[in-house]
Structures are given as structure tokens and as C-alpha cells.
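The values are calculated or read from the model by the stated rules, or taken from the named source; none is laboratory data. Since the structure is predicted, the reported quantities are computational estimates derived from the model, not experimental observations. Cβ atoms come from the backbone with ideal geometry, glycine included; neighbour counts cover every protein chain shown.
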Amino acid sequence: MLQKVLTDYGVFTPGELDLIARVYEATLPSGATDEERESHASKLLRLFTTSGLKTEDELTAALRESLQP
């Protein structure tokens, strides 16, 4: 449902949503709390929309780097 709403309004294409979902799942730390999940999603969307990073490898690397202590 959300995917249809976002694509209908031109926010993201289906391909972009698939990419974002793959990167999110691949980089989300196991056992993340709801707050951590929300923060992780926000970081990913911010990177995707403002940093110019558009490939799965670039986004995954940037998110993993941001998780480093």
C-alpha cells in the first residue's frame, strides 16, 4: 500500500523503493529497537535523497560507515 502511494505521488519509483528496501534490510543491525529502526530508515532516506548516492553499494557502505563506533 505505502509503495503504491509513494509511487503514485512521484516520491519514489518502484525500482528506487526496492533498492531502498534491500539496503535497509542489509544494513539494519539485528535486534534493533523501533527507535533505532526509525533512525536507520531516516538516515537511509536522507542519504538517498540528498547525498547523490544512488547505488546499492554506495548506500550500503555509507550506512555501515555511519554505524561504526
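Could you list, in sequence order, the residues of segment 17-28 that are modelled with pLDDT of 90 or more and surrounded by 11 or more Cβ atoms within 10 Å (Cβ to Cβ)?
18, 19, 20, 21, 22, 23, 24, 26, 27, 28 - these are the residues of segment 17-28 that are modelled with pLDDT of 90 or more and surrounded by 11 or more Cβ atoms within 10 Å (Cβ to Cβ).
Identify, by number, the condition in (1) modelled with pLDDT of 90 or more; (2) surrounded by 11 or more Cβ atoms within 10 Å (Cβ to Cβ) that residue 55 doesn't meet.
Failing condition for residue 55: (2).
Could you list, in sequence order, the residues of segment 26-69 that are of a type outside the set (Val, Ile, Thr), part of a helix (DSSP H, G or I) and touching a His at 6+ places or on another chain (Cβ under 8 Å)?
Matches in segment 26-69: 63 only.
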